[in-house]
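Have a look at the structure below, then the notes.
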Amino acid sequence: MRLEARGLVAGYGHLTVLRDVSLAIPPGCIAAVIGSNGAGKTTLLRVLSGLILPASGRVWMDGVEITTWPTERRVAVGLVHVPERRQLFTSLTVEDNLRLGAYLRYRREGRARVEQDLEWVYTLFPRLYERRRQLAGTLSGGEQQMLAIGRGLMAHPRLMLLDEPSLGLAPLLVQELYRVLAELRAQGHTLLVADQNARQALRVADLAFVLEAGQVTRSGSGAAMLVDPAVHAAYLGSRTRTPSEG
Ligand code: ATP
């Protein structure tokens, strides 16, 4: 699914956070939004998923304008937001959380399709299968993040917005998570990832946008961004590679 936004201005009350943000994400790619705390990444995802309305600007999905569509209507056509801090139902089991992700689909597509997707999510995240009867609140942070993504997948997204997916995860789990995101791309999904872990996000991103004080100040392929000196200085720290890292 192609997502396009032009001239987005948005914020909270008198606080303007996004100032004229435009971007286009072609189908089947991973796009990354990088930026420091408070740059407006979360606000951008909220506007795209319909959680807040922009003061001005427009959003299209596959050429259809969705700027004022409510969130539920966007989910129904495959635009799904996996919010920061997971927002799981902690007193329900892993499997019930996953099923809730598909609640809009039961009537339309029937139980069999939803069960198939449950199997698919368990294949992507075997750990969730092992823990399927466990209460979501008892999972580790990394497992909860996987469950949040799994629940998003149960809505059958064509385009998934992921807010800080690697927040609080151990390095190995971050790699595991990005492996799954790359696999989703290979299956034809489009993903927009806002991650503080810029290095990891840029490594897999086909396309990346730098958001600074509510404006896109740079864009290009993830690979180009990784070697862009300004991006390096601002978001990738001064860590230099050792020869063994290649
Ligand atoms: P972070 O990584 O810290 O979440 P971010 O780039 O996602 O940063 P936003 O969460 O979009 O940034 O926040 C941008 C600005 O909007 C910040 O100044 C923040 O305090 C403010 N803000 C965010 N959410 C709200 C809200 N619900 N009400 C009022 N102000 C908000």
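So which residues in the range 34-55 are more than 20 Å from THR217 (Cβ to Cβ) and out of contact with any Ser or Thr (no Cβ under 9 Å at 6 or more places or on another chain)?
ARG46
How about the range 6-53: which of its residues are buried (at least 20 other Cβ atoms within 10 Å of the Cβ), hydrophobic (A, V, I, L, M, F, W, C) and touching a helix residue (DSSP H, G or I) at 6+ places or on another chain (Cβ under 7 Å)?
LEU8, ALA10, VAL17, LEU18, VAL21, ILE30, ALA32, VAL33, ILE34
Go through the range 30-62 and give me each residue that's of a type in the set (Gly, Ala, Ser) and either away from the ligand (no atom under 13 Å from the Cβ) or modelled with pLDDT of 95 or more (or both).
Of everything in the range 30-62, those that are of a type in the set (Gly, Ala, Ser) and either away from the ligand (no atom under 13 Å from the Cβ) or modelled with pLDDT of 95 or more (or both) turn out to be ALA31, ALA32, GLY40, SER49, GLY50, ALA55, SER56, GLY57.
Considering LEU159, LEU118, LEU100, which residue is crowded, with 17+ Cβ neighbours inside 10 Å and either at pLDDT below 90 or within 25 Å of LEU45 (Cα to Cα) (or both)?
LEU159
Hey, any hits in the range 5-21 for a residue that's under 30 Å from GLY237 (Cβ atoms), more than 11 Å from the ligand (Cβ to nearest atom) and within 14 Å of the chain's Cα centre (by Cα)?
no
Is at least one residue of the range 214-222 buried (at least 19 other Cβ atoms within 10 Å of the Cβ) and under 28 Å from ARG105 (Cβ atoms)?
No: the range 214-222 contains no residue that is buried (at least 19 other Cβ atoms within 10 Å of the Cβ) and under 28 Å from ARG105 (Cβ atoms).
Limited to the range 177-203, what total is found for residues that are of a type in the set (Val, Ile, Thr) and modelled with pLDDT of 95 or more?
Within the range 177-203, residues that are of a type in the set (Val, Ile, Thr) and modelled with pLDDT of 95 or more number 2.
To keep it simple, each residue is scored yes or no on (1) out of contact with any Pro (no Cβ under 6 Å at 6 or more places or on another chain); (2) modelled with pLDDT of 95 or more.
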site	(1), (2)
LEU3	yes, yes
ALA10	no, yes
GLY13	yes, no
THR16	yes, yes
LEU23	yes, yes
PRO26	yes, yes
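Filter the range 144-177 for residues that are part of a loop (DSSP other than H, G, I, E, B) and among the hydrophobic types (A, V, I, L, M, F, W, C); which is farthest from GLU72 (Cα to Cα)?
The selected residue is ALA170.
Go through the residues of the range 205-212 one by one and say whether even a single one is among the small types (Gly, Ala, Ser), within 16 Å of the ligand (Cβ to nearest atom) and at pLDDT 90 or above.
yes
Is it true that some residue in the range 80-88 is touching a residue at least 12 places away in the same chain (Cβ under 8 Å), farther than 30 Å from GLU130 by Cβ, within 16 Å of the ligand (Cβ to nearest atom) and surrounded by fewer than 18 Cβ atoms within 10 Å (Cβ to Cβ)?
no
Can you name every residue in the range 181-196 that is over 21 Å from LEU23 (Cα atoms) and in contact with a Leu (Cβ under 9 Å, 6 or more places away or on another chain)?
Residues satisfying the conditions are GLU183, LEU184.
Would you be able to say whether some residue in the range 159-175 is closer than 25 Å to ARG105 by Cα, touching a residue at least 24 places away in the same chain (Cβ under 8 Å) and of a type in the set (S, T, N, Q)?
For the range 159-175, residues closer than 25 Å to ARG105 by Cα, touching a residue at least 24 places away in the same chain (Cβ under 8 Å) and of a type in the set (S, T, N, Q): absent.
So which residues in the range 63-90 are among the polar types (S, T, N, Q), modelled with pLDDT under 95 and not in a helix (DSSP H, G or I)?
Passing the criteria: GLN87, THR90.
The values are calculated or read from the model by the stated rules, or taken from the named source; none is laboratory data. The structure displayed is predicted, hence computed values, not measured ones. Neighbour counts are summed over all protein chains in view; Cβ atoms, including those assigned to glycine, are modelled from backbone coordinates with ideal geometry.
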